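Novice: Okay, here's the structure, questions in a sec.
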Amino acid sequence: SKSIIGLLQRDGRAAYSTIAREVGLSEAAVRQRVQRLLDCEVMQIVAVTDPAQVGFKRQAMIGVTTTGDVAKVAGALSDLPEVAYVVTTAGRFDLLVEVVCEDDDHLLDLLTGHIRSVRGVLETETFMYLKLNKQRYDWGTR
C-alpha cells in the first residue's frame, strides 16, 4: 500500500495497470487497495491547484484561541467550506486554520460572520498570505 501511495503522490492519474507493474500486484488488487485507502481516508486523490490562479485571491492562516472543548471548536470550523485544514497545536494558539477566500471582503465576512461566532472561539489572529512559495504533497510514506 505504501508503494501505491508513493506512486500516486508522484502521479495521481497513473493507471492501475502501470501501478500494478511497478508494485508487483494484479490490476484488480491495486484497484481494491486504492479503494480501501480512499474509504479509510488514508489518502485522497485530488487536483492540487494554486488557489490564486483559480479565483481565490486571498489565503490566510488564522490562529485561534479557544475556551472550552477545543475539539468541538475544531469540528465546527472544519465544517466551513472555506477552511482548507484545521490543526490543533501547542503554543500560542489552540488551533491553526487555513482558509481560502475569493477576496478580502470574503475573508472579512468569514472572520466576522462565521469563525468568530463559533461557540468557544475566544480570539483570532489572521496571517494573510502574500505569496504561495511552496505547496507540495509528495512527502511519501514511512
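Novice: Given H placed on each backbone N at 1.01 Å, which residues far from Asp94 in sequence or on other chains put an amide H within less than 5 Å of it?
Specialist: Those lying under 5 Å, H to H, from Asp94 are Val64, Thr65, Thr66.
Novice: Could you give the length gained by full extension between Leu108 and Val70, i.e. 0.36 nm per residue of separation minus their alpha carbon distance, to one decimal place?
Specialist: 11.4 nm
Novice: Going by a ≥ b ≥ c, the root eigenvalues of the Cα gyration tensor, does the stretch 1-40 fall in the rounded group (a/c under 1.5), the prolate group (a/b larger than b/c) or the oblate group?
Specialist: Oblate is the answer for the stretch 1-40, as a/c is 1.5 or above yet b/c matches or exceeds a/b.
Novice: Right, here's the next one. For the chain, set up a GNM with springs between Cα atoms under 10 Å and report which of Leu77, Leu110, Leu25 has the largest fluctuation.
Specialist: It is Leu25.
Novice: Got a sec to turn the phi values of the stretch 77-88 into Karplus ³J(HN,Hα) couplings, 6.51 cos²θ - 1.76 cosθ + 1.60 with θ = phi - 60°, whole Hz, x for Gly and Pro?
Specialist: Karplus-based 3J(HN,Hα) across the stretch 77-88 equals 5, 4, 6, 6, x, 6, 7, 7, 7, 10, 10, 7 Hz.
Novice: Could you run the Karplus curve 6.51 cos²θ - 1.76 cosθ + 1.60 with θ = phi - 60° over the stretch 38-49 and give me ³J(HN,Hα) per residue in whole Hz, x for Gly and Pro?
Specialist: Ordered by residue, 3J(HN,Hα) equals 5, 4, 7, 6, 6, 8, 10, 10, 9, 8, 8, 10 Hz.
Novice: Taking the simple approach of a point 7 Å from Cα along Cα-to-Cβ for both Val54 and Glu123, what is their distance in nm?
Specialist: 3.6
Novice: Quantify, in whole percent, the carbon and sulfur part of the accessible surface of the stretch 13-142 (1.4 Å probe; protein heavy atoms only). Walk me through the intermediate numbers first.
Specialist: On the way: 4360 of 8820 Å².
The computed percentage sits at 49.
Novice: What is the distance, in nm, between label points placed 7 Å from the Cα along the Cα-to-Cβ direction at Arg92 and at Arg31?
Specialist: With each label point 7 Å from Cα toward Cβ, the separation is 5.1 nm.
The values are calculated or read from the model by the stated rules, or taken from the named source; none is laboratory data. Keep in mind that this is a model prediction, so the values were computed, not measured. So basically every Cβ, Gly included, is an ideal-geometry build from the backbone, and we count neighbours across all protein chains shown. With ligands, DNA and RNA removed, areas are computed over all heavy atoms of the protein, side chains included. Shrake-Rupley method; radii C 1.70, N 1.55, O 1.52, S 1.80 Å.
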